[in-house]
Amino acid sequence: MRAPLVQHAFERYATGLVSLDDLANELHSMGLRSLRSGRKVYPSSLHIMLHNPLYCGVIRYKGNVYQGQHEALISWDLYDRVQKAFEPNGTANAEQKHVFALRDFLYCDVCGCKITAEKQRGHVYYRCTHSKGRDVCDQRTYTREEKLAEQIEDVLATIEIGPEVLQSLVEESRLLDEQQGRDGSSALAALEDALAENRGKTDRLLDSYLDGIINQDTYQRKAKELGQDRIGFEQRLQALSAQSGDTRTARLEALSATAAGARIRFKHASIEERREVLATVGLNATLRNQEIVDYQLKKPFDMLQIDSNGALIHEKWAILDLNQ
C-alpha cells in the first residue's frame with residue numbers, strides 16, 4: 001500500500017531531519033516504487049508530491065483548489081509544516097545552517113506564533129518570533145533550552161507506561177484479537193463463497209451466450225457487471241487477508257515500547273534524535289513566561305497518558321476498566 005509511505009514521507013520531511021535525497025533512499029528501502037518504472041522515486045518527484053495538496057483531500061484545477069471526493073491522507077497542519085520546511089533555502093532540510101532540538105514543536109501561548117531558537121555564548125535560547133507584531137504579544141523573555149528540555153521530559157513521562165498497565169492492555173487486546181480473528185474468518189469464508197458464486201454465474205452466462213440463449217449486448221453488459229463485482233470481492237478478500245497477520249496486540253506492544261522509552265531516549269539523545277522523538281509523539285506545546293502551559297500529543301500516544309499513580313486517564317480505558 002502506498003498510502004502509509006506517502007504519510008511517512010510528509011511526516012519525515014516535516015521534522016527537518018532529512019534531505020529529499022535521503023528521504024528518497026529511505027522510502028525506497030521501505031518498498032516505495034515508481035508506478036511507471038518500478039524503480040526508486042526520484043527526489044524531484046518527491047518535491048512535487050510534497051507540494052501537492054491532493055493528499056489533504058482536495059484537488060487543484062486551473063489555479064484553484066476544490067474539495068475532492070477522495071479521503072485525505074494527511075492533515076492541513078502537516079502539509080503546512082512541510083511547506084515551511086522548504087523555506088530556509090528552498091532546497092533541503094538537511095542543508096539548514098543550524099538545527100535546534102525543540103524548534104518547530106513550540107508555540108507562543110499568547111499570540112500563537114512559533115517559538116524560534118538562537119545560540120548565544122554557547123547556549124541555546126528560545127523566544128517568540130512575534131510574527132504578528134510585537135504589539136500583539138507581551139512575551140519578551142528568552143528561555144534556556146535546558147529548562148524547556150526538563151519540562152518536555154515531564155510531558156514524555158506521562159506516556160511512560162508501567163508494566164502492570166501494559167499487561168492489562170495486552171490482555172484486553174488479545175481478547176479483541178481473538179474476536180477479530182473469528183469475525184475475520186467468517187468474513188473471509190463469506191467472500192470466498194461470493195467469489196465462487198460469481199465464477200459460477202460467469203460460466204453460466206458464457207454458456208447461455210454460446211448456446212444462443214442471450215444476445216451479444218446482453219452478454220457484454222452482464223459480464224461487465226459480474227467482472228466489477230468480482231474485482232470488488234477480490235479487493236476485499238486481499239484486504240482481509242492482509243489484516244489477519246497484523247494483530248492489534250503486536251501493534252499495541254510496539255506502540256507501548258515507543259511510548260515507554262520516549263523520555264529516556266529524549267533525555268540522552270543528540271539534537272537530531274531529540275527531534276525524531278518529538279516528531280514521533282507529535283509534541284505540540286505552547287509556551288508562556290518560560291513555562292509549557294499546554295500540549296497535545298499525536299494519536300494514539302494521547303490515549304496512553306497516565307496520571308501520577310500510573311493509571312491510564314483517557315476516557316476510553318474507563319469503559320474497559322483497565323486501571324483496576
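Worth a mention:
- Here's the picture: a label point sits 7 Å out from the Cα of Asp294 along the beta-carbon direction, and within the range 119-159 nothing has its amide nitrogen under 11 Å of it.
- Point-to-point label distance, Arg2-Arg121, nm (Cα→Cβ direction, 7 Å offset): 5.5 nm
- Label-point gap, in nm, between Ala254 and Leu188 - each point 7 angstrom along Cα→Cβ: 2.0 nm
- Charge sum, other residues only, whose C-beta stays under 12 Å from Gln296's C-beta, Lys/Arg counted +1 and Asp/Glu -1: -1
- Sites matching trypsin sites (Lys or Arg not before Pro) across the range 124-166 that sit in DSSP coil, with at most 14 neighbouring C-beta atoms within 10 Å: Lys132, Arg134, Arg140
Each reported figure results from applying straightforward, stated rules to the coordinates on display, with no laboratory input. Here the structure is a predicted model, which means the values were calculated and not measured. As a convention, Cβ positions derive from the backbone with ideal geometry for all residues, glycine included, and neighbour counts pool all protein chains shown.
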